[in-house]
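Novice: Let me give you the structure first, and then I'll get to my questions.
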Amino acid sequence: MSSQADVLSPQAKAAKAHGSTNAAGFTDYYDIDGLLTEEHLLVRQSIRDFVKKEISPSIEKWAQDAHFPSEIVRKFGDVGAFGPTIPTEYGGGGLDYISYGLIMQEIERGDSGMRSTASVQGSLVMFPIYAYGSEEQRKKYLPKLASGEWLGCFGLTEPDHGSNPGGMTTKIEDKGDYYLLNGAKLWISNSPEAQVAVVWAKDDNGRIRGVIVERGMEGFSTPEIHNKWSLRASTTGELVFEDVKIPKENILPNIDGLKGPLSCLDSARFGIAWGAIGAAIDCYESALKYSLEREQFGKPIGGFQLQQKKLAEMLTEITKAQLMAWRLGMLKNEGKATSAQISMAKRNSVDMALHVAREARQIHGGMGITGEYPIMRHMMNLESVITYEGTHDIHLLITGADITGIQAFK
């Protein structure tokens, strides 16, 4: 019979040899797994295995080459990463929000750009079609998006309107038998490869409406953005509309006003609150492993006080974020999570992950800047994550407005 030591990972063996009391579960210090159901654990494991097989072996090269692996879209569909909370009748997973959070966490342990691809598809494209679309729209688009046959994108941010989406200038004009769409959107994940775009524009009355735009419509183009230092393994671009004729059946019929796109952002921000924890975990685990292997002055650097301080603080912040995300997931399942609560969690998780990445880079020393380790890639990715879906500062002001009743950004 094998001893416990025989089944421990090399990392766990090293930690145990140096006196760790948490050798078997470095990043679950408070037994948060005990709060999860068997289904949650199975979902997480299936995505973890998928990431190890399909993403981790190639992600450094993809990032170095600024290459988006388009074949990953179908694979995400096969593993159920697209629209996991969408009902199964439309091709979704029919899962709860904690399952969705765990999926985003595991994908972002692999890479934030890969998580962006999946969360845009589920939260920003499939969610509004399901929540605000007609039954015909749901049946037409959702199964193809869920399977990965089609990739989607979300058009809200404009060249001159980021944190203030209500100031958008993209317009749809009613021409009787159709709408005419004009304008542009910027910093759009997935756009160069997308077959479908959920776009938000102002109608003749100045009301914000959602419209489904399909590739191939005359006047619709998706120029790619190059020379990114961040999210290099994902594809980012623009959406340009020049007198695009939109059939009336492509308007989302069940929503108007800013509530539509903001509710989509809530869904995406919830996923980011979990996803960024995955990036932090990957950085922390790499730093811990390195600290136990790298020797200076006759012992592993993990034995020095300053390195232990870094590791202990990193794990503490990860644990706090895990508990916040889990509680937010429970509230989301119960339909009680507020936009302000989601903002707080998104801001906290990403800020925490960036701090962990920077501390992990220092623990790795000079090796931390190389592609031999994931640290710099995560750090660069997180510089985008802390800005998109609401900037670090805007989320702070959302919380401030919620607790004081006074909006500081108007």
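The values are calculated or read from the model by the stated rules, or taken from the named source; none is laboratory data. Owing to the predicted nature of the structure, the values given are computational and were not obtained by experimental measurement. As a convention, Cβ positions derive from the backbone with ideal geometry for all residues, glycine included, and neighbour counts pool all protein chains shown. Each accessible area value is taken on the protein alone, full model and side chains, heavy atoms only, with ligands, DNA and RNA left out. Shrake-Rupley method; radii C 1.70, N 1.55, O 1.52, S 1.80 Å.
Novice: Which pairs have Cβ atoms under 8 Å, sit 6 or more apart or on different chains, and link a residue in the range 263-274 that is without any contact (Cβ under 8 Å) to a residue 12 or more places away in the chain and farther than 16 Å from Leu396 by Cα to one that is assigned to a helix (DSSP H, G or I) and β-branched (Val, Ile, Thr)?
Specialist: From residues that are without any contact (Cβ under 8 Å) to a residue 12 or more places away in the chain and farther than 16 Å from Leu396 by Cα, there are no pairs.
Novice: Could you check the range 282-302 and list, in sequence order, the residues that are touching a residue at least 40 places away in the same chain (Cβ under 8 Å) and either touching a Lys or Arg at 6+ places or on another chain (Cβ under 6 Å) or not in a helix (DSSP H, G or I) (or both)?
Specialist: Residues satisfying the conditions are Asp282, Arg294, Pro300, Ile301.
Novice: Moving on to the next point. Within the range 213-261, work out how many residues are part of a strand (DSSP E or B), open to solvent by less than 50 Å² (accessible area, probe 1.4 Å) and of a type in the set (D, E, K, R).
Specialist: 1
Novice: Give Ala118, Ala81 a once-over and let me know the one that is small (Gly, Ala, Ser), open to solvent by less than 10 Å² (accessible area, probe 1.4 Å) and farther than 19 Å from Thr236 by Cα.
Specialist: Result of the check over Ala118, Ala81: Ala81.
Novice: A follow-up question, please. Would you be able to tell me the number of residues in the range 362-383 that are buried (at least 21 other Cβ atoms within 10 Å of the Cβ) and either aromatic (Phe, Trp, Tyr) or in a helix (DSSP H, G or I) (or both)?
Specialist: 9
Novice: Quick one: in the range 161-177, which of the residues that are open to solvent by 70 Å² or more (accessible area, probe 1.4 Å) and among the hydroxyl-bearing types (Ser, Thr, Tyr) is nearest to the chain's Cα centre (by Cα)?
Specialist: Ser163
Novice: Given (1) open to solvent by 10 Å² or more (accessible area, probe 1.4 Å); (2) small (Gly, Ala, Ser); (3) under 17 Å from the mean Cα position of the chain (by Cα), where does Gly91 come up short, assuming only one miss?
Specialist: Going through the list (1) open to solvent by 10 Å² or more (accessible area, probe 1.4 Å); (2) small (Gly, Ala, Ser); (3) under 17 Å from the mean Cα position of the chain (by Cα), Gly91 breaks only (3).
Novice: Another question, then. Would you confirm, using the coordinates I've provided, whether Thr387 is more than 20 Å from Trp274 (Cβ to Cβ) and polar (S, T, N, Q)?
Specialist: Here the answer is no, as Thr387 does not meet what is asked.
Novice: Failed condition for Gly335, given (1) assigned to a helix (DSSP H, G or I); (2) of a type outside the set (Val, Ile, Thr); (3) out of contact with any Pro (no Cβ under 8 Å at 6 or more places or on another chain), with all others met?
Specialist: Against the list (1) assigned to a helix (DSSP H, G or I); (2) of a type outside the set (Val, Ile, Thr); (3) out of contact with any Pro (no Cβ under 8 Å at 6 or more places or on another chain), Gly335 comes up short only on (1).
Novice: Right, next: Failed condition for Glu106, given (1) within 23 Å of Lys52 (Cβ to Cβ); (2) open to solvent by 10 Å² or more (accessible area, probe 1.4 Å), with all others met?
Specialist: Result: Glu106 passes all but (2).
Novice: Go through Leu315, Leu331 for me and flag whichever is free of Cβ contacts under 8 Å to residues at least 24 places away in the same chain and open to solvent by less than 30 Å² (accessible area, probe 1.4 Å).
Specialist: Numbers: Leu315 fails: free of Cβ contacts under 8 Å to residues at least 24 places away in the same chain.
So the residue among Leu315, Leu331 that is free of Cβ contacts under 8 Å to residues at least 24 places away in the same chain and open to solvent by less than 30 Å² (accessible area, probe 1.4 Å) is Leu331.
Novice: Within the range 123-160, which residues are open to solvent by less than 10 Å² (accessible area, probe 1.4 Å) and in a helix (DSSP H, G or I)?
Specialist: Ser123, Leu124, Val125, Met126, Pro128, Ile129, Gln137, Tyr141, Leu142, Leu145, Ala146
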